[in-house]
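The values are calculated or read from the model by the stated rules, or taken from the named source; none is laboratory data. Because the structure is a prediction, the values reported are computed rather than measured. Positions of Cβ are backbone-derived with ideal geometry, glycine not excepted, and every protein chain shown enters the neighbour counts. Just so you know, the surface numbers come from the protein's heavy atoms only, side chains and all, with ligands and any DNA or RNA stripped out. Shrake-Rupley method; radii C 1.70, N 1.55, O 1.52, S 1.80 Å.
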Amino acid sequence: PAGTVPFGPPPVPREAAQLFTNHCAVCHGANGNGQSYTAAYPGMPAVGNLTTIRKSAPELKQSLREGRGAMPAFHNKLQETEIDSLIHHILTHFQQQ
């Protein structure tokens, strides 16, 4: 039946920094500080500053997978390994600047 046999090899997870640039920086800013064109748009809800936010990895994963407020859900756009690598990137790169 359709959908039971994978088509080709599984996709290779993309590098976390590139994933952040492609999916997150538009709102959270290139430096993760919540300063971006989108964040400055009139009427836009507050955008999280990833350099100061203090969420656990499971909380970040839930936000990435399911979305939160104006943030879209990424469970249909990213593989679990990509979500995990993004969380690691946020926790190790942005929170140590």
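Worth a mention:
- Within region 68-89, considering residues that are open to solvent by less than 70 Å² (accessible area, probe 1.4 Å) and of a type in the set (S, T, N, Q), the one nearest to residue 21 (Cα to Cα): 85
- In region 46-67, residue surrounded by the most Cβ atoms within 10 Å (Cβ to Cβ) [restricted to those that are outside any loop (DSSP other than H, G, I, E, B) and not acidic (Asp, Glu)]: 64
- Among the residues making up region 19-45, those that are outside any helix (DSSP H, G or I) and not hydrophobic (A, V, I, L, M, F, W, C) are 29, 31, 32, 33, 34, 35, 36, 41, 42, 43, 45.
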